[in-house]
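The block underneath contains the structure these notes are about, expressed in structure tokens.
The values are calculated or read from the model by the stated rules, or taken from the named source; none is laboratory data. As the structure is a prediction and not an experimental result, all values here were calculated from the model. Because the Cβ atoms are built from the backbone with ideal geometry, glycine has one as well, and the counts that use them run over all protein chains shown. Heavy atoms of the whole protein, side chains included, go into the accessibility calculation; ligands, DNA and RNA do not. Shrake-Rupley method; radii C 1.70, N 1.55, O 1.52, S 1.80 Å.
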Amino acid sequence: MSKMKRILSAAMAAALALSAAACTNSGSSSASGTQGGDSSGTSSTVSSGVELTGEINKYGWDVPKETLKFSYFYADDDTLGQEEENERMAQVASVLKDEFNVEIERIVYKQDPTERLNLMLAGDEYPDVISGMPDAMAETFIDQGRAQELTPYLEQYGQNIIDGFGDYLNLLKDDEGKLYKLAHSWGHTTDVMGRDFAIRYDMLQEAGLPMYDSFESYYQTVKKLVELNPTNEAGEKTYGITAFSEKGEEFYKTPLAYLGLYGVSGGTNTSGGSITHYYKENDDGTITYWVDTEEGLKVAKYINQFWRDGLIDPDFQTKDYDSALAFMSNERVVGNIGTWWHSYVGGHQIWQTTEDDWTIDKRMQCVTFEESDATPALISDNFIRTTRCIITDKCQNPEGVMLYWNWEETPKGVAFTTMGPEGEDRPWSIDEDDNCKMNDWYWYGKEGDTSFMWGNWEEDMGNFNYWMMAPGYTPENRKDNPGEGWASPVVQVNAWDLIPNYEEMDESKLEAGQIVNKLNAETSKAYLWDQTLWTISFPADSPEKIINQDVADHLASAWVKVITANTEEECVQLFEQMGKDLHAIGLDDLVAYQQESLNKNKAKFEGTAAAE
């Protein structure tokens, strides 16, 4: 499993039916008709001057008489090549054309999305829709008049979206109350796993050690397991932990989250979604950057102890996701401090397919605990996330695009978008009650196929095909029943993971990954916190935007020096110097901007913000 393909699934949303699922290829903005949230499916309704057939296909889409065509750039992935993606999407595109009468040109680049978007602006060449773009780039398009105001199209054709966003839609409006952008991968998180302290469970059992429940006991456990298992089977030295990205950023992010500090997306990576900055919220409502807290110093000294005792991979600074994955699967580490799916993908998911004698005990067990009186903040529930969707000024049929987006918001729309067409030989199908039903092999694997890997069928079957407005998580109007529109045993869904009620399943037949998920749930707790109101949006000319990037860049290098200090005294000195340097860069201005944004977002969400 990988992050972009985490056990696949579909999502949530309502059992809102939709006649509004049809689109148009007319450039007219003076549309007539009664689409939007109307579920009646009236025959021969007219939308934007284009007639709909009234024929509702099995996916709940009202097929238009004339082919709906538009183009979009998927800016949330810089690893996709156009030729390969066209080949991968061929079957889904065929179904869209034959059963929906829709043709969408999906544009991808193996290039940093921000670089590509800037080139598009410079050349005045960009598609009708851009999806998954960093918020800062959305603001740039808006500032230059390259994005269309969405309110009239939402009000007429996007009722599902309006209901799904609820009051969170206010946070995307500008100070004049206008709406030019919508969130990508939006919704209330249904994740039950977040950051954790993981351990090789088989080694823990063999050593006869109890399960740890604090920073100190985890440190002692890792130290003991490395002592008992100094090398892997190939004779290579083992360590306690390594880093999966960004020069060991998880070494401060995860412990800080355990101490109750809040991680805020600073928009410093290409997708805009990296949780870069951590803040402590004080009793009086003010906030303090983590380098100015006792908790920050505690974490620095804690990780430095691992380093000084030889428990951190000495090459952690050069590790990226793939190399760290290989390092873990080659049994070079006994633990992991960071994101749960790193341990999942680098552990049993590889071992189960490469070792004939593999058993479920050989896994990375994910564990959470409460280190202090503060409630941990291990899973961020950011309803609007940090990437955006816009309809550009190039689009001649924004009404049609909005109708398609409105359909994507439904359970079947999300299932189709994230898993491709339905069918008994596919991950999902439509049952007799018209619900999305996950087929048995999704839960129990393929009998006799020990090489079965989630990523293979997800890629082969067209997952995440034309993702624009399908919610990644639970819409606001479905939070009380996130599994609505889905058949048992599904109780919660998101675009990557399905969460079942295990009591309704045959546990003896569960696929290994499902068993590991169940076992992880026994030693971990979902400590969620609502990050939404902390979301920062930097105007294109904002000086804080530059400071934001400068702070992130300095942290990346200074943090490495702090945790690789030769003594604790040196670690403390370097930590204090890091704080001084960040303040010299302009940290105080960034904190003030974050505080102002937080207060402003609270007012916006409550509908009390006055236009400035």
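Here are the numbers:
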read-out: Of (i) 24.5; (ii) 28.9; (iii) 25.3, the label for Kirkwood radius over Cα pairs in Å derived from the coordinates; value: (iii)
read-out: Average Cα contact separation per residue, the stretch 129-191, under 8 Å, 6 or more apart, as relative contact order %; value: 36 percent
read-out: Cut-off under 5 Å, modelled amide H: who pairs with Thr190 long-range; value: Thr474
read-out: For the chain, with +1 on Lys and Arg beta carbons and -1 on Asp and Glu, the positive-most of Ala565, Tyr72, Ser597 along the dipole; value: Ala565
read-out: At least 18 Å along the helix axis (C-alpha) and Kyte average at least 0.0, DSSP helices within the chain; value: 543-563
read-out: Tyr180 long-range amide H proximity, modeled H, under 5 Å; value: Leu150, Asp174
read-out: Within-13-Å neighbourhood charge of Met505 [Cβ basis; K, R +1; D, E -1]; value: -4
read-out: Shape category assigned to the stretch 498-612 from the gyration tensor of Cα positions, a/c cut at 1.5; value: oblate
read-out: Dipole magnitude (debye, nearest 20) for the chain, charges at Cβ of Lys, Arg, Asp, Glu; value: 380 debye
read-out: Highest-first arrangement of 142-151, 503-512, where packing means the average Cβ count within 10 Å; value: 142-151, 503-512
read-out: In the stretch 206-251, the GluC sites (Glu not before Pro) that fall in loop regions by DSSP, at most 15 other Cβ within 10 Å; value: Glu233, Glu236
read-out: Sparsely packed GluC sites (Glu not before Pro) within the stretch 338-436, loop by DSSP, other Cβ within 10 Å at most 15; value: Glu355, Glu370, Glu424, Glu432
read-out: In Å², nearest 10: area of Val192 left accessible to a 1.4 Å probe; value: 70 Å²
read-out: Dimensions (Å) - the stretch 295-340, Cα atoms, principal axes, largest first; value: 31, 22, 19
read-out: Count of Lys pairs (Cα-Cα under 22 Å; at least 8 positions apart or interchain) in the stretch 448-580; value: 4
read-out: Rounded accessible area per residue of the chain, 1.4 Å, Å²; value: 38 Å²
read-out: Antiparallel bridge percentage (DSSP; both residues within the chain; nearest 5); value: 70 percent
read-out: Heavy-atom accessible surface of the stretch 221-371: percent carbon and sulfur, 1.4 Å; value: 41 percent
read-out: Mean separation of Cα contacts under 8 Å (6+ apart) over length of the chain, as relative contact order %; value: 24 percent
read-out: In order through the stretch 468-480: 3J(HN,Hα) via Karplus (6.51 cos²θ - 1.76 cosθ + 1.60), integer Hz, x for Gly, Pro; value: 10, 10, 4, x, x, 9, 8, x, 4, 7, 10, 5, 7
read-out: Gyration tensor verdict on the stretch 480-538 (Cα atoms; rounded if a/c is under 1.5, prolate if a/b is larger than b/c, oblate otherwise); value: prolate
read-out: Relative contact order, percent, the stretch 122-276 [alpha-carbon distance under 8 Å, six or more residues apart]; value: 20 percent
read-out: Global form of the stretch 95-199, assessed from the alpha-carbon gyration tensor, a/c cut-off 1.5; value: rounded
